[in-house]
Amino acid sequence: MADTRAESTAGTPEETETAEAGEGAEEATGDRPASPERLIYFSDAVVAIAITLLALELPLPTGDVHGNGEVLHFLREHLSEYAAFLVSFWAIAVHWLIHQRLFRYVTGLSGGAIRWNLLWLLAIVVTPFTTKLLTSEADAFQVQFIVYAANQVLTGLFFRLAFTDLRRSGGLRTPASPEAVSDVMSWLTAMIVAFLISIPVALVTHWAAVCWALIPAIRAGLRLLRRTPRTAAAA
């Protein structure tokens with residue numbers, strides 16, 4: 001009787017193969033969360049390429065520029081392009097830092113999170129183009145500025161949606177300090193708000209980029225608002 005029960009529990013070789021095939025099909029169809037390592041490495045590579053493309057777009061003196069004076073004059077003439085490069089480099093770097101700091105808590109990827117992350121990478125890759133457009137000689141400041149600012153807003157929104165999907169699908173482990181996650185996300189929110197505010201401002205003034213300098217102040221305000229309810233609850 002014992003042997004019969006053992007055989008019944010183990011099943012036939014055909015049943016075992018069928019079960020293993022079913023498990024393989026479940027993994028292939030994406031029913032199980034995917035490992036995040038490949039997406040993280042892929043994201044790092046795409047971000048590195050985007051930053052490299054930014055640098056390749058920097059203007060260099062040509063053969064008809066001679067002497068120290070002419071080179072200095074050339075550099076002064078293209079200061080706006082160098083400034084735009086620094087802004088874009090900083091923006092991409094901050095997005096990458098946020099990505100690597102928060103994705104350390106990812107244990108599995110849902111299909112939605114992967115799609116939002118790919119859209120985030122698309123917005124990152126488009127940044128060199130929108131940077132070049134911003135500093136081009138086309139006489140359309142509002143269009144050039146709004147396209148660039150919208151690119152930055154979408155970059156932040158796509159990442160927020162990816163992280164929200166990860167939370168909803170249970171693909172995150174609980175961090176040792178939940179406050180650390182909130183602090184990192186406050187940088188992302190502040191960037192979205194600052195670039196979003198600059199869009200309507202660009203319709204009335206060419207100084208709309210000043211709004212981007214408000215990112216630290218906006219972040220400080222967001223952190224203060226987040227702590228106020230806790231203080232009131234503790235009281």
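The values are calculated or read from the model by the stated rules, or taken from the named source; none is laboratory data. Computed from a prediction, not measured in an experiment: that's the story for all the values here. Please note: Cβ atoms are built from the backbone with ideal geometry, for glycine as well, and neighbour counts cover all protein chains shown. Each accessible area value is taken on the protein alone, full model and side chains, heavy atoms only, with ligands, DNA and RNA left out. Shrake-Rupley method; radii C 1.70, N 1.55, O 1.52, S 1.80 Å.
Would you be able to say whether some residue in region 98-118 is of a type in the set (A, V, I, L, M) and within 18 Å of I51 (Cβ to Cβ)? Looking for residues that are of a type in the set (A, V, I, L, M) and within 18 Å of I51 (Cβ to Cβ), one finds at least one in region 98-118, hence yes.
Scanning region 134-156 for residues that are among the hydroxyl-bearing types (S, T, Y) and modelled with pLDDT under 95 yields T135, S136.
Residue-wise test of (1) open to solvent by less than 60 Å² (accessible area, probe 1.4 Å); (2) in contact with a Leu (Cβ under 7 Å, 6 or more places away or on another chain); (3) β-branched (V, I, T).
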position	(1), (2), (3)
V126	yes, no, yes
T130	yes, no, yes
D139	no, no, no
R168	no, no, no
P175	yes, no, no
A180	yes, no, no
A190	yes, yes, no
S198	yes, no, no
R227	no, no, no
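Within region 49-68, can you find the residues that are modelled with pLDDT of 85 or more, exposed (fewer than 12 other Cβ atoms within 10 Å of the Cβ) and either in contact with a His (Cβ under 6 Å, 6 or more places away or on another chain) or farther than 17 Å from T135 by Cβ (or both)? Of everything in region 49-68, those that are modelled with pLDDT of 85 or more, exposed (fewer than 12 other Cβ atoms within 10 Å of the Cβ) and either in contact with a His (Cβ under 6 Å, 6 or more places away or on another chain) or farther than 17 Å from T135 by Cβ (or both) turn out to be T52, N68. Restricting region 76-90 to residues that are in contact (Cβ under 8 Å) with a residue 12 or more places away in the chain and in a helix (DSSP H, G or I), which is surrounded by the fewest Cβ atoms within 10 Å (Cβ to Cβ)? Within region 76-90, the match that is surrounded by the fewest Cβ atoms within 10 Å (Cβ to Cβ) is S80. Among the residues making up region 167-182, those that are in a helix (DSSP H, G or I) and farther than 21 Å from A34 by Cβ are P178, E179, A180, V181, S182.
Entry remark, region 111-145: residues being touching a Ser or Thr at 6+ places or on another chain (Cβ under 9 Å), of a type in the set (S, T, N, Q) and either closer than 22 Å to S182 by Cβ or assigned to a helix (DSSP H, G or I) (or both) number 5 in total.
Among the residues of region 154-166, those that are open to solvent by less than 30 Å² (accessible area, probe 1.4 Å) and farther than 17 Å from A50 by Cα comprise A162, F163, D165, L166.
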